[in-house]
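Okay, structure first, notes after.
Please treat every number below as a calculation from the coordinates, not as lab data. Bear in mind that the values here come from a model prediction, so they are computed numbers and not experimental data. Counting neighbours? That spans all protein chains shown, and the Cβs are built from the backbone with ideal geometry, glycine included.
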Amino acid sequence: MSQEPALSARQGASKEPALSASKEPALSVSKGGAAFPPERAPSIVRRAIESARSGGLIWLVLLLIGVLVVSLFIGRYPAPPLLTPDRLATDELAQRLVWNLRLPRVLAAVLLGMALAGAGTVLQMILGNPLVEPGFLGVSQGAAFGASLSIIFLGNAAWLVQGSAAFFAFVGLGLSYLLAHRLRYGGWVLRLVLAGIAVSALFSAGVGMLKYIADPLRQLPEITFWLLGGLWSITWTQLLTILPVTLLALLVMYRMRWRLNLLGLDDATAFSLGVAPTRERVLVLTAAVAATAAVISVSGMVGWIGLIMPHLARRLFGADARRALPAALLLGGVFSLLCDDIARTLLAGEIPLGILTSLLGAAFFMGLMTARARHGAAHKAEP
């Protein structure tokens with residue numbers, strides 16, 4: 001009687017670990033029929049995700065090239081919406097139209113979308129604010145003030161309007177930077193944001209005053225159409241004036257993309273990781289503003305591209321700037337080009353590009369935010 005409990009205890013002690021071990025087998029990830037131990041599973045998954053995202057960027061490049069080629073045949077001559085390749089080969093007027101008007105306009109639309117989307121991505125990551133867009137630091141309103149000033153007092157010659165808009169765009173950035181240094185409230189990023197809001201409001205008031213004193217028959221329509229945005233006046237001359245600055249700025253942003261992940265951190269953390277945060281932020285921000293100033297000096301006020309495309313790029317390719325920035329550049333080029341195609345073919349009279357980008361961008365942004373809200377609600381509802 002006394003031995004029975006001891007025997008059952010020994011049996012329970014010997015069987016319980018074996019039972020536990022048999023019910024919790026080691027996890028593994030299989031790929032191509034081969035099993036991998038648990039410690040290698042995360043790296044395998046990461047490599048698979050990176051490969052898929054690299055393939056996605058290649059598809060975006062091909063999509064941009066395809067849309068660019070098709071856009072050369074889209075228009076209202078000889079009949080909307082398409083010019084056939086046979087007609088292009090035999091019609092000399094169609095050839096001059098494509099080479100002298102459509103090709104520079106298509107390239108300008110791609111540059112416009114890439115510059116605004118790239119600048120938006122840079123600003124959102126450095127300032128840590130997903131609602132920042134390229135004109136946030138007084139750049140867009142400064143360009144609008146410069147263009148309006150030129151139309152009223154200097155004449156509406158294209159090179160004068162373009163030069164004045166670009167000059168005052170940099171003036172807006174400089175004023176924001178100086179005002180941020182004068183402020184003594186909060187950190188550097190917060191001061192820069194507050195300074196940008198103040199400078200934008202100042203230039204916006206200036207534009208309102210210039211519109212008030214403008215000739216309502218000649219100058220006011222010019223100012224209004226410039227503020228609505230559009231690429232109807234683009235020629236090879238205008239394209240070549242913005243091409244060097246825009247390409248150089250895009251190259252700087254692209255080459256610095258792997259640093260953006262660190263520049264979004266606080267100064268102490270970024271410095272400990274081998275980054276000179278102040279110098280590198282100034283360099284990248286200057287490139288973003290230079291690209292924005294160059295393109296809006298010829299296109300006028302075109303909004304929402306720099307706000308929407310970074311969100312879409314991060315949604316599709318993740319928050320890592322090494323993938324998000326190139327994706328935003330490509331998506332911005334495609335979106336701007338498609339909007340410009342619609343603007344010049346949908347109606348007999350051309351629709352201002354800024355209206356279309358705002359309309360489609362706002363609708364897309366609302367869809368993106370509501371989809372994210374539904375996704376978060378579904379996760380909370382899961383047990």
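Can you give the relative contact order of segment 131-202 as a percent, counting alpha carbon pairs under 8 Å and 6+ residues apart?
40
With +1 assigned to the C-beta of every Lys and Arg and -1 to the C-beta of every Asp and Glu, and no other charges, what is the dipole magnitude of segment 283-358 about the Cα centre in debye, to the nearest 20?
The dipole magnitude comes to about 300 debye.
Name the residues whose placed amide hydrogens come within less than 5 Å of the amide hydrogen of I74, ignoring near sequence neighbours (fewer than 5 apart) on the same chain.
Here the answer is L83, since their amide H atoms fall under 5 Å of that of I74.
If you put +1 on each Lys and Arg Cβ and -1 on each Asp and Glu Cβ, how big is the dipole of segment 112-360 around its Cα centre, in Debye rounded to 20?
Here segment 112-360 has a charge dipole of around 580 debye.
What FRET efficiency do you get for L82 and R218 if R0 is 30 Å and r is their Cβ-Cβ distance, rounded to the nearest 0.05?
0.25
Could you tell me the extents of segment 146-228's C-alpha atoms along the three principal axes, largest first, rounded to whole Å?
Dimensions of segment 146-228 along the principal axes of its Cα atoms: 47, 23, 19 Å.
Around N156, which amide H atoms from residues at least 5 apart in sequence, or from another chain, sit under 5 Å from its own amide H, with H modelled in the peptide plane?
Amide H to amide H, under 5 Å and 5 or more residues apart or across chains, N156 pairs with nothing.
Highest first, please rank the peptides 284-290, 263-269 by the mean number of other Cβ atoms sitting within 10 Å of their residues.
Ranked by mean Cβ neighbours within 10 Å, highest first: 284-290, 263-269.
Roughly how compact is segment 112-360, stated as its Cα Rg over 2.2 N^0.38 Å to two decimals?
That ratio works out to 1.00.
Sort D86, D91 so that the residue with the fewest other Cβ atoms within 10 Å of its own Cβ comes first and the one with the most comes last.
D86, D91
In a solvent-free Debye calculation with one equal scatterer on each Cα, what is log10 I(q)/I(0) for segment 162-282 at q = 0.09, 0.15, 0.16 Å⁻¹, listed in the order of the q values?
One equal scatterer on each Cα of segment 162-282 leads to -0.41, -0.97, -1.04.
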